[in-house]
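> Sending over a structure as structure tokens; questions will come in a sec.
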Amino acid sequence: MKLTEYTSFDGVGLSHLIARGEVSAAEVATAAQRALEAVNPQINAIVETWEPEAATPYVGDAEGDHALRPLAGVPFLLKDLGVTMKGRCCAMGSRFADGLLASADSNLMVRFREAGLVTFGRTTLPELAVSTTTEGRMCGPTRNPWDLERSAGGSSGGAGAAVAAGIVPVAHATDGGGSIRVPASFNGLFGLKPTRGRVSNGPAADEVWNGLGTHMGISRTVRDSAALLDAIQGGSVGEPYYIAAPTNRYVSELQRSPGKLRIGLTLNPANGARTNAAIKAATLRVARELLALGHEVEEITPDLGVSWEAFVYANAQFWTANATSRLDTLAAATGRTVSADVLEPATYAVYEYGRRVSGTDLLAALQTRNAVTRATGQLYQRYDVVLSPTLPELAPRIGEYNRVETSVDGHGWIAHVLDQTPFTALANVTGLPSMTVPLSTDHESGLPIGTQFGAGFGREDVLFRLAAQLEAALPWSGRRPSVWAGASSQD
């Protein structure tokens, strides 16, 4: 299979070729490996690769099985965080955890296997995912395929860069403050953060970052993300949150009209900063397109329920206390000592701050979370969807983001992170679904601009319907970054 052919299909398309017998899963896996070899030296998105396990064969009626498992046989990459694959390392982007091997598959890994995904490697992230740029010292910076001098975002930066450059059509990602939507936006991709409780974190974890974190993926097409969420949604015994299963498969929602939606538009973030002029203009163009599609759009100023400073402070308690607990657990497991010598400056600052967070501090942060969730819930009584920029600025140049890492404490670092991503973190605190859609490009730099849409609790169906409508109205599939496996001379 030529790379030009491999990269011309999304995951559902590749799987359909396999189901029809036009190409074998082994041939597709080989093409993915060749794509990695062609572009990864430039973007640095992969931590480790291994020989892919044999794809689960189609059974009975291959076409019928494909309808139930539309990603079977598709090459797939795991983010180096939060999901365990038996016998494989999950280092979380940190030298401190490097070498620890998983003793069992996590619930999510079981779902990936059942979906027939062919996992063959791990992607990069910043240390312990406490950043939204991927420039860790363990692996070096992950570069944006659209401009190699720019960040690929984070914390799922390796996943975003790998999908954007054509290594795989869809990759695992996690989101605790925007970590799916940030790299998806910077890399010109689709990314959806599900509702809290939609995807299992178990069995080793009940919730991540006090409910802020969740699993999903990043893809080049809406249908790949819908198929992925169909495959992984649903809890297991002992889950801390329960959410009703969707009425229909998410892939089927793509064929349904979203109807006339009430859409609230917000252009500037809650931290008082102003959105980049090009991004603001792009968001307004999307708003006009939504009006043309028959939706109602009204500009609003959402109420967080608390001040921005209180919002940041609560997030700092969640992020730092959980990072400290994780590092102490790793220290006990490895016999290593937590120190500034082995951790990166920002991570160590987060660890030191987290050691001082008390139980009452965490309870107060949960009260803040409740205030924010109640206020946002009221917002979604008035609007079906809230539209905003995904990010207030274009992808930063490598090195810019981390300039402050040696001059702030843990609270200061989290404040810095949230100032870079002020639109995305709200969905994590509230647990609501949110997606970024690659609808625009900056005319001057050529960099992608994502547009964010949020919806009420459990309403991923609304988001997928709207995303499919926008994908048809403002298609992005023909855009290609400067680093693209399909342009490789390996063909």
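The values are calculated or read from the model by the stated rules, or taken from the named source; none is laboratory data. Please read these numbers as outputs of a predicted model, since none were measured by experiment. As a convention, Cβ positions derive from the backbone with ideal geometry for all residues, glycine included, and neighbour counts pool all protein chains shown.
> Restricting to the stretch 408-438, give me the number of residues that are part of a loop (DSSP other than H, G, I, E, B) and small (Gly, Ala, Ser).
Going through the stretch 408-438 one residue at a time, the tally reaches 1.
> Filter the stretch 307-325 for residues that are buried (at least 18 other Cβ atoms within 10 Å of the Cβ) and either closer than 14 Å to GLY354 by Cα or over 24 Å from the mean Cα position of the chain (by Cα) (or both) and give the result.
TYR313, ALA314, ASN315, ALA316, GLN317, PHE318, TRP319, THR320, ALA321, ASN322, ALA323, THR324
> Also: Does ARG122 fit the bill of being at pLDDT 95 or above and more than 26 Å from CYS139 (Cα to Cα)?
Here the answer is no, as ARG122 does not meet what is asked.
Condition check ((1) under 20 Å from ARG223 (Cβ atoms); (2) surrounded by fewer than 16 Cβ atoms within 10 Å (Cβ to Cβ); (3) out of contact with any Phe, Trp or Tyr (no Cβ under 8 Å at 6 or more places or on another chain)) across all residues:
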site	(1), (2), (3)
VAL28	yes, no, no
LEU36	no, no, yes
ALA54	no, yes, yes
ASP65	yes, no, no
GLY93	no, no, yes
ALA102	no, no, yes
VAL118	yes, no, no
ARG122	no, no, yes
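> Next up: Residue by residue through the stretch 468-486, note down the ones that are touching a Leu at 6+ places or on another chain (Cβ under 8 Å) and not in a loop (DSSP other than H, G, I, E, B).
Within the stretch 468-486, ALA468, GLN469, LEU470, ALA473, ALA485, GLY486 meet the criteria.
> If you take the residues of the stretch 374-395 that are assigned to a loop (DSSP other than H, G, I, E, B) and within 24 Å of the chain's Cα centre (by Cα), which of them is farthest from PRO141 (Cα to Cα)?
ASP384
> How many residues does the stretch 222-239 hold that are part of a helix (DSSP H, G or I) and farther than 22 Å from LYS79 by Cα?
Residues in the stretch 222-239 being part of a helix (DSSP H, G or I) and farther than 22 Å from LYS79 by Cα: 0 in total.
> I need the strands (runs of 3 or more DSSP E) fully contained in the stretch 129-221, keeping only those with at least 3 residues that are within 12 Å of the chain's Cα centre (by Cα).
170-175, 190-193, 214-219
> What is the one condition in (1) surrounded by fewer than 24 Cβ atoms within 10 Å (Cβ to Cβ); (2) at pLDDT 95 or above; (3) closer than 15 Å to ASP80 by Cα that GLU149 does not satisfy?
The failed condition is (3).
> Just checking, how many residues over the stretch 257-305 are part of a loop (DSSP other than H, G, I, E, B) and either among the aliphatic types (A, V, I, L, M) or under 23 Å from the mean Cα position of the chain (by Cα) (or both)?
Residues meeting the conditions: 13.
> Which residues, counting only those in the stretch 439-467, are over 20 Å from ASN428 (Cα atoms) and not in a helix (DSSP H, G or I)?
Scanning the stretch 439-467 gives LEU439, SER440, THR441, ASP442, HIS443, GLU444, SER445, GLY446, LEU447, PRO448, ILE449.
> Among the residues of the stretch 46-65, what is the count of those that are among the small types (Gly, Ala, Ser), at pLDDT below 75 and not in a loop (DSSP other than H, G, I, E, B)?
Looking only at that region, the number is 1.
> On to the next question. Quick check: is even one residue across the stretch 396-407 outside any loop (DSSP other than H, G, I, E, B), within 24 Å of the chain's Cα centre (by Cα), more than 27 Å from ALA282 (Cβ to Cβ) and among the hydroxyl-bearing types (Ser, Thr, Tyr)?
no
> Let me ask something else about it. So is ASP384 of a type outside the set (S, T, N, Q), out of contact with any Phe, Trp or Tyr (no Cβ under 8 Å at 6 or more places or on another chain) and touching a residue at least 12 places away in the same chain (Cβ under 8 Å) or not?
In short, yes.
> Filter the stretch 240-256 down to the residues that are part of a helix (DSSP H, G or I) and of a type in the set (Ser, Thr, Tyr), then identify the one that is farthest from the chain's Cα centre (by Cα).
SER252
> Please state which one of PRO246, PRO258 is at pLDDT 95 or above, farther than 21 Å from ALA159 by Cβ and touching a Leu at 6+ places or on another chain (Cβ under 7 Å).
Step by step, each of PRO246, PRO258 is checked, and only PRO258 is at pLDDT 95 or above, farther than 21 Å from ALA159 by Cβ and touching a Leu at 6+ places or on another chain (Cβ under 7 Å).
> Tell me the residue from GLY197, GLY211, GLY176, GLY202 that is surrounded by 24 or more Cβ atoms within 10 Å (Cβ to Cβ), of a type outside the set (S, T, N, Q) and in contact (Cβ under 8 Å) with a residue 12 or more places away in the chain, please.
When all the criteria are applied, what remains is GLY176.
> Still on this structure, I have one more. Pick from the stretch 1-26 the residues that are surrounded by 15 or more Cβ atoms within 10 Å (Cβ to Cβ) and among the acidic types (Asp, Glu): which of them is farthest from ALA72 (Cα to Cα)?
Here the residue is GLU5.
> I'd like to know if the stretch 128-135 contains one or more residues that are surrounded by fewer than 23 Cβ atoms within 10 Å (Cβ to Cβ) and farther than 27 Å from GLN233 by Cα.
Checked the stretch 128-135: no residue is surrounded by fewer than 23 Cβ atoms within 10 Å (Cβ to Cβ) and farther than 27 Å from GLN233 by Cα.
> Keeping to the stretch 86-128, report how many residues are over 20 Å from the mean Cα position of the chain (by Cα) and either assigned to a loop (DSSP other than H, G, I, E, B) or aromatic (Phe, Trp, Tyr) (or both).
The total comes to 14.
> Just checking, how many residues over the stretch 323-347 are more than 20 Å from GLN420 (Cβ to Cβ), part of a helix (DSSP H, G or I) and not acidic (Asp, Glu)?
Count: 10.
> Given the condition touching a Phe, Trp or Tyr at 6+ places or on another chain (Cβ under 6 Å), over 14 Å from SER106 (Cβ atoms) and among the acidic types (Asp, Glu), answer yes or no: does some residue in the stretch 218-228 qualify?
The answer is no; no qualifying residue exists.
> Let me ask another. Taking the conditions exactly as written (of a type in the set (A, V, I, L, M, F, W, C), in contact with an Asp or Glu (Cβ under 7 Å, 6 or more places away or on another chain) and closer than 28 Å to PRO396 by Cα), does ALA129 satisfy them or not?
So ALA129 fails the test.
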